[in-house]
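> Pasting in a structure now, in structure tokens, and then I'll have a few things to ask.
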Protein chains: 2
Amino acid sequence: MEANLDLGPSVGQVEKRYFTFGDEGGGLKLDCGRELAPVTLAYETCGELSADRSNAILVCHALTGDSHAAGYYHPDDPKPGWWDRMVGPGKPVDTNKYFVICSNVIGGCMGSTGPMSENPATGKPYGAAFPVVTIGDMVRCQRRLVDHLGIDTLLAVVGGSVGGMQVLEWAVRYPGRVRAAIPLATTTKHSAQAIAFNEVARQAIMADPKWNHGDYYDAGRPEHGLAVARMVGHITYLSDESMRQKFDRRLQDRCELSFDFEADFQVESYLRYQGNKFVDRFDANSFLYLTKAADYFNLENRHGDGSLVAAFSRSKSRYLVVSFTSDWLYPTYQSRTMVKAMKKNGLDVSFCEIEAPWGHDAFLLPNERLEALLRGFLDRAHADLTGGGHAF
Amino acid sequence: MEANLDLGPSVGQVEKRYFTFGDEGGGLKLDCGRELAPVTLAYETCGELSADRSNAILVCHALTGDSHAAGYYHPDDPKPGWWDRMVGPGKPVDTNKYFVICSNVIGGCMGSTGPMSENPATGKPYGAAFPVVTIGDMVRCQRRLVDHLGIDTLLAVVGGSVGGMQVLEWAVRYPGRVRAAIPLATTTKHSAQAIAFNEVARQAIMADPKWNHGDYYDAGRPEHGLAVARMVGHITYLSDESMRQKFDRRLQDRCELSFDFEADFQVESYLRYQGNKFVDRFDANSFLYLTKAADYFNLENRHGDGSLVAAFSRSKSRYLVVSFTSDWLYPTYQSRTMVKAMKKNGLDVSFCEIEAPWGHDAFLLPNERLEALLRGFLDRAHADLTGGGHAF
């Protein structure tokens, strides 16, 4: 599963930058009706923007991701960015050719404005006073960043899961500014089951007395609740099959059942470990806001008055849609639905369901098929633009 | 979905009885090595035991069920027992013909000995001092009850989910005492995914400070944690398809998104309601013990030295195995595995995968196919015994 075929060298050292707007008024009018100001986006870039500014690719991260898609902050960093396998010199998202941008979403906790940020009205962290933001709000912030970087049209927007929602939102909201859109392992709207899982995770956080209605930054954080929330999420990122292959009923550090409530099984200690590790890097309020944004996402309602076909009628992008056989969070039928609606609009769509047992997480794992698809699709989009390639 | 076709009158008034053993030593030696004494089982019966004591059917309840399978405690009870549709005069488990027994499992909180019961060593509730019990322990208690009722051989043992595990345990552990075994929507061992869901539910309870390491009976109960645990479980009892049909993305009591963390969607308020309702009727410690028993269940390890075929070589029962297409907690492939192992032993097995969108809960919902299967299978088993019917 973790066969890490070398896809070439890393992009090397990268730097987290910050773009702020609205600090003197002119913040972001949100879908909820409130205005957010100031707004800061943490972002990173790699590769070089071409003279005609036509080679920019925006990478959108998933629920709990960040701007650190590729490379290392320091030469001695133990781990590169979360998509280092895919983004770098000679890699599918080839930084020898493309200028790659990745920013942390608003509502997050990795440098962009979110519930942990200072509320200018109080001088304290927003907490639950932070406005509920949407995928549309996130994308409108990203557009400001792209404007700021002097880029009119993105060669591509690519992302998986909640990142894929941002891709779809970009392509429909800003039809003239996205040549190629690559939504991976995603959906045009959250199913009742996906909402249910998010709601249970939120309830786990809010049930923790330390959550304190979102006001905990001066006191202890709701670590127990957040760990449980992450455990719920983790189950949905894997699959029955991948859990059997990875853990089955193997015991953890013992030969016999313990007959107590310690972690008997490897799958239990794996989940506990994932929960505890997450608490160190993520903010509980951000988790609430980001899951809510995902639940609210509904492309057809927002842009098509209830019709997905109408929503995509706005789009002019070419698409590469990818789903994974064992992804039961956003199953293939949901990708097929969006592909149908795209095709009804005569859009140029490539669709591939990749056979993979690893569940929803498959889009983040080494996968030669995905890598080849991404590389080919981007190369063709780029070649068509520069006149060097065949038309689709 | 809830089309409640009338299957005939209720069995009428029933009474919860108690059977206690081990109050003067001779308790139950548990799989964990400890001894439990005294042991009380709450149980109910309906129908009449025949003179030759050959018409007894043991019904085994699922995770959070109880002994109240059918009928009413009082004439003005608003709701009958949990399987009243299936058990009663003229119903598939026909109390005009059969003597039906249902007991609450040990570890439970509905009258049988469990963590809420008085620990004779301290005079206080056991709490976390209650021993971890297994499906095998539960079944050995049930056997004592069946002995007490003077029944040598059960005509049938029937149950779904964790009740189905008890059915399998009965048929393999006491091969001479079960003529017909009917495991519904169940498995011979918990998958890693099923363990994972239970572990998250347990962690939700144990994360609640009011759980207090199981010692909460004098103080407030861990209601928040237990509610979250139940919500996790509920998602696994339904299915993607049933949640879409039942809720889709419909909003609760509003026309617009709220842009706060109240329940926007019907599926959210449904889950919150289920969580809160559960807290009123169930004990958090029992939830820990019963999920652990389910996770520990492993028929092939316990009775076949790792081979399911070897485990079933002990059995002499005839079987009706039923799975449901949309049950992703105990998917059909798990039933097929047990059916194969039964058949390799030359056992008489009927297997049916019932087409149903309602997920794991399907075995509890009105289903004509299930009712017909159960009725026919029991009638044939009974007829074969009394010499009035054709052989299988």
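We did not get these values from a lab; they are worked out from the coordinates using the rules stated. All of these numbers come straight from a predicted model, not from anything done at the bench. All Cβ positions, glycine included, derive from the backbone under ideal geometry; neighbour counts span all protein chains shown.
> What are the distances, in nm and sorted shortest first, from the label point of B:GLY33 to the label points of the same position in each other copy, with each label point placed 7 Å from Cα along the Cα-to-Cβ direction?
Reported distances to equivalent positions: 6.5 nm.
> Right, here's the next one. Work the Kirkwood hydrodynamic radius out for the protein assembly as shown: mean of 1/r over every pair of different alpha-carbon atoms, inverted, in Å. List each step's numbers first, then the result.
Details: mean 1/r = 0.0353 Å⁻¹.
Answer for the protein assembly as shown: a Kirkwood hydrodynamic radius of 28.3 Å.
> Now a separate question. Non-local amide H neighbours of A:PHE351 (under 5 Å, H modeled in plane, Pro and chain starts lacking H): which ones?
Under 5 Å from the amide H of A:PHE351 lie the amide H atoms of A:VAL321, each far enough along the sequence or on another chain.
> Taking θ = phi - 60°, what integer Hz values does the Karplus form 6.51 cos²θ - 1.76 cosθ + 1.60 yield along region B:105-110, in sequence order, with x for Gly and Pro?
Values, residue by residue: 5, 5, x, x, 9, 10 Hz.
> Let me ask something else about it. Over region A:80-218, what is the relative contact order in whole percent, taking alpha-carbon pairs under 8 Å and six or more residues apart?
On the way: 142 pairs, mean separation 21.4, N = 139.
RCO, region A:80-218: 15 percent.
> Please rank B:TYR126, A:TYR333, fewest neighbouring Cβ atoms within 10 Å first, as an exposure proxy. Intermediate results must be reported in sequence, preceding the final value.
Values: B:TYR126 23, A:TYR333 12.
Fewest-to-most Cβ neighbours within 10 Å comes out as A:TYR333, B:TYR126.
> Okay, moving on. Partner chain Cβ atoms within 10 Å, averaged over the residues of A:186-199 - can you pull that number for me?
Values: counts 0, 0, 0, 2, 3, 8, 18, 11, 3, 10, 13, 4, 2, 12.
Per-residue shielding by partner chains comes out at 6.
> Here's a follow-up. Across peptide A:21-33, what mean number of C-beta atoms from other chains lies inside 10 Å of a residue's C-beta?
Values: counts 0, 0, 0, 0, 0, 0, 0, 0, 0, 1, 2, 4, 1.
Whole-number average of other-chain Cβ neighbours for A:21-33 is 1.
> As an exercise, take the mean of 1/r over every pair of distinct alpha carbons in region B:281-348, invert it, and state the Kirkwood radius in angstroms. Each step should come with its number before you reach the end.
On the way: mean 1/r = 0.0730 Å⁻¹.
So the Kirkwood estimate lands at 13.7 Å.
> Counting only Cα, what are the radius of gyration and maximum Cα-Cα distance Dmax of region A:36-179, in Å?
In order Rg, Dmax, the Cα atoms of region A:36-179 give 15.3, 48 Å.
> From the label point of A:LYS277, set 7 Å from Cα along Cα→Cβ, how far away are the matching label points in the other copies, in nm, ordered shortest to longest?
Ordered by distance, the counterparts are at 3.9 nm.
> Where does each of A:CYS60, A:CYS255, B:CYS141 land when they are ranked from fewest to most other beta-carbon atoms within 10 angstrom? List each step's numbers first, then the result.
Values: A:CYS60 32, A:CYS255 5, B:CYS141 27.
Ordered from fewest to most neighbouring Cβ atoms within 10 Å, A:CYS60, A:CYS255, B:CYS141 come out as A:CYS255, B:CYS141, A:CYS60.
> For region A:197-290, divide the Cα radius of gyration by the Kirkwood radius and give the resulting Rg/Rh value with two decimals. Present the calculation step by step, with values, prior to reporting the outcome.
Details: Rg = 14.9 Å, Rh = 14.3 Å.
Radius of gyration relative to Kirkwood radius: 1.04.
> From the P(r) of chain A, can you give the percent of Cα pairs sitting at distances over 37 Å? Kindly include the intermediate steps, with their values, before the conclusion.
Working: 14510 of 76636 pairs.
For chain A, the share of Cα pairs beyond 37 Å comes to 19 percent.
> Once you treat every alpha carbon in region B:41-81 as an equal point and sum by Debye, what is log10 I(q)/I(0) at q = 0.15, 0.24, 0.32 Å⁻¹?
Here log10 of I(q) over I(0) equals -0.47, -0.93, -1.16.
> Taking all pairs of different Cα atoms in region A:172-237, averaging 1/r and flipping that mean, what Kirkwood radius in angstroms comes out? Don't jump to the answer; show the numbers that get you there.
Numbers: mean 1/r = 0.0696 Å⁻¹.
One over the average 1/r among Cα pairs gives 14.4 Å for region A:172-237.
> Applying 1/(1 + (r/R0)^6) with R0 = 30 Å to the Cβ-Cβ distance of A:ASP215 and B:LEU251, what FRET efficiency is obtained, to the nearest 0.05? Don't skip to the end; give the middle numbers.
Details: r = 28 Å, r/R0 = 0.93.
The calculated FRET efficiency here is 0.60.
> Moving on. Would you mind counting up the charge near B:SER103? Only other residues with Cβ under 15 Å from its Cβ, with Lys and Arg at +1 and Asp and Glu at -1.
On the way: positive: B:LYS16, B:ARG17, B:ARG140, B:ARG143, B:ARG144; negative: B:GLU15, B:GLU44, B:ASP66, B:ASP137, B:ASP147, B:GLU169.
Overall, the nearby charge balance is -1.
> Using the basic label-point model (7 angstrom from Cα toward the beta carbon), what is the B:ASP260 to B:TYR73 distance in nanometres?
Taking the simple label geometry, B:ASP260 and B:TYR73 are separated by 3.8 nm.
> With contacts defined as alpha carbon pairs under 8 Å and 6 or more residues apart, what's the relative contact order of chain A in percent?
Numbers: 803 pairs, mean separation 65.7, N = 392.
After rounding, I find 17 percent.
> Right, another one. Over 31 Å between Cα atoms: which of A:LYS97/A:LYS316; A:LYS29/A:LYS91; A:LYS246/B:LYS292 fall into that group?
Numbers: A:LYS97/A:LYS316 23 Å; A:LYS29/A:LYS91 38 Å; A:LYS246/B:LYS292 21 Å.
Among A:LYS97/A:LYS316; A:LYS29/A:LYS91; A:LYS246/B:LYS292, the Cα-Cα distance tops 31 Å for A:LYS29/A:LYS91.
> Also, quick follow-up: Run the label-point distances for B:ASP147 please: 7 Å along Cα to Cβ, every other copy, nanometres, shortest first.
Listed shortest first, these distances are 8.2 nm.
> Listing B:ASP31, B:ASP283, A:ASP147 from the residue with the fewest other Cβ atoms within 10 Å to the one with the most, what is the order?
Values: B:ASP31 19, B:ASP283 24, A:ASP147 13.
So the ranking, lowest neighbour count to highest, is A:ASP147, B:ASP31, B:ASP283.
> For region B:1-82, state the semi-axes of the equivalent ellipsoid (square roots of 5 times the eigenvalues of the alpha-carbon gyration tensor), sorted largest first and rounded to whole angstrom.
On the way: eigenvalues 188, 55, 36 Å².
Equivalent ellipsoid of region B:1-82: 31, 17, 13 Å, largest first.
> Right, here's the next one. In peptide B:242-255, what is the residue-averaged number of other protein chain Cβ atoms found within 10 Å of each Cβ? Don't jump to the answer; show the numbers that get you there.
Numbers: counts 2, 6, 3, 1, 1, 5, 4, 9, 1, 0, 0, 0, 0, 0.
Across B:242-255, the average partner-chain Cβ count within 10 Å equals 2.
> Right, something else. Could you point to the residue in B:ALA56, A:VAL267, B:GLY233 farthest towards the positive end of the protein assembly as shown's charge dipole, with +1 and -1 charges on the Cβ of Lys/Arg and Asp/Glu respectively?
Checked the options; the winner is B:ALA56.
> Same structure again: Only Cα pairs under 8 Å and at least 6 apart count here; give the relative contact order of region B:197-290 as a rounded whole percent.
Numbers: 93 pairs, mean separation 29.7, N = 94.
RCO, region B:197-290: 32 percent.
> Then there is this: Note the full-extension length gain between B:ALA383 and B:TYR273 as 0.36 nm times their separation in residues minus their Cα-Cα distance, in nm to one decimal.
Stretched fully, the B:ALA383-B:TYR273 segment lengthens by 35.1 nm.
> Would you be so kind as to identify all helices of chain B, as entire DSSP H runs, whose Cα atoms reach 15 Å or more along the helix's own axis and whose mean Kyte-Doolittle hydropathy is at least -0.5? Could you put the intermediate results ahead of the total?
Values: long enough: B:135-148 (20 Å, -0.46); B:162-173 (16 Å, 0.58); B:192-207 (22 Å, 0.64); B:223-237 (21 Å, 0.33); B:266-281 (23 Å, -1.20); B:284-296 (18 Å, 0.06); B:332-344 (18 Å, -1.03); B:368-386 (27 Å, -0.24).
Flagged H segments are B:135-148, B:162-173, B:192-207, B:223-237, B:284-296, B:368-386.
> Here's another thing I want to ask about it. Considering amide H positions built from the backbone, and no H for Pro or chain starts, which residues 5 or more places from B:LEU30, or on another chain, come under 5 Å of its amide H?
Correct list: B:GLU35, B:LEU36.
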